[in-house]
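Structure, as structure tokens:
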Amino acid sequence: MDLCEITRQLWEDYLIVRTPESLTRAMNRLAPDCVLIGTGKHEFYLSRERMQQALEVEVEQTRGCRFYIVDEWCQEMPLTEDVRLVYGGLRVRDAELGKPALVDMDSRYTLVYTRQGEDWVVRHGHQSLPYTEQAAGESYPRTLIEQVKEARHLADRMTRLAQKDPVTGLYNHRGFFDEANVRLAEGPGCFMVLDLDDFKQINDTYGHITGDDILRQTGDVLRSATRSVDVVGRIGGDEYAIFCPGVTQEAVALAIARRIIRHVNAAAGISVGCTVRLSIGIAVSSTETDTRPLFEKADRALYKVKRSGKNSCCLYMPQDDPTPPQP
């Protein structure tokens, strides 16, 4: 008996003819306890009855569609006297070759037939879809590799976005402190808290869109006025922070802060013809292992600048700490 010819007829009854008679003929070719594995996520059937139920749903969903087998091949391999393996492939479209198609499926399959009296029935079937984009010599599906790379790229991008301020492109509050803590763990440095003076007046005078432009320009100036190893972030509305690894001399820290103020004064508001003023509080690390205490010290120094005239910088001193209440 030519099982390849029987297999071709089975596929034609199932895919092409699809009349009640042809589908019954195809189902009768299956053993009652057959196991069938299809290409879909849930296509795993442990009996002819389960396959029959799934077929009824499939026929309803594809009602009005006509399919064509535009290419097929088939081979038969005897395993024992009563068991034979048939394997092959077929290409199925919902339009003839040369015409536009919505469905164009290149499928491979294996069928295990067992003898049943004078006839043969399918005991097991497995259908799969090959990775057509896999290049010659590749042992792993290219499409899967690309999906992994894309997922990793997306995860990296989302991580970066979660740490970036959307207005300035600098680190946001969380990203700044995360990165500054990493650098502080590597060695001491100085912490600066920077605040734009009278920024509300800029918003009231020029509008919030221009205010955002000035925030962005200030971020650009801070980036250009610092080293690549320095951590720069916008940690609040008009508040920025900088951690300078390795800067432990107060005189050097003050020189850096004064240079930053000059650059911001000269460039940050040039597009609207105003001078952006900036106050900076500075704290130099000694034994700190976390940037939060440094931030608090620099913040106290910042308020000293605000009280004494603004657009300047000041170092934290221990006497800046609040006096504890007397018992």
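Brief remarks on what is shown
- Normalised per residue, the volume of the convex hull around the Cα set of the chain (Å³): 311 Å³
- Long pairs among LYS200/LYS310; LYS164/LYS304; LYS200/LYS297, criterion Cα-Cα beyond 23 Å: LYS164/LYS304; LYS200/LYS297
- Which of ASN265, GLY125, PRO20, positive extreme of dipole for the chain (C-beta unit charges): ASN265
- With contributions of -39500 (n - 2.57) from each DSSP H run of at least four residues, the per-residue ellipticity at 222 nm computed over the chain stands at -12500 deg cm²/dmol.
- Fraction of accessible area attributable to carbon and sulfur, the range 185-327 (%, probe 1.4 Å): 52 percent
- Whole-number accessible area per residue in Å² for the chain, which is evaluated in the context of all protein chains at 1.4 Å: 58 Å²
- Cα-based Kirkwood hydrodynamic radius, the range 267-327, one decimal, Å: 13.2 Å
- Residue order for PHE295, PHE177 - accessible surface, 1.4 angstrom probe, largest first: PHE295, PHE177
- Whole-angstrom gap from the range 34-70 to the range 252-267, using each part's C-alpha centre: 73 Å
- GNM flexibility winner over the chain from ALA54, ALA266, ALA151 (Cα, springs under 10 Å): ALA54
- Each 10 Å bin from zero up to the one holding the largest Cα-Cα distance in the range 215-327 carries the following percent of pairs: 13, 46, 31, 8, 2, 0.
- Descending by average beta-carbon neighbour count within 10 Å, the peptides 274-286, 245-257 line up as 274-286, 245-257, the highest first.
- Protection proxy ranking, highest mean first, for peptides 63-76, 216-229: 216-229, 63-76, where packing is the per-residue count of other beta-carbon atoms within 10 Å, averaged.
- Along each principal axis, taking the top coordinate minus the bottom one, the Cα set of the range 1-65 gives 33, 29, 19 Å in descending order.
The values are calculated or read from the model by the stated rules, or taken from the named source; none is laboratory data. Because the structure is predicted, anything quoted here is derived from the model rather than measured. Cβ atoms come from the backbone with ideal geometry, glycine included; neighbour counts cover every protein chain shown. The accessibility values were calculated without ligands, DNA or RNA, using every heavy atom of the protein model including side chains. Shrake-Rupley method; radii C 1.70, N 1.55, O 1.52, S 1.80 Å.
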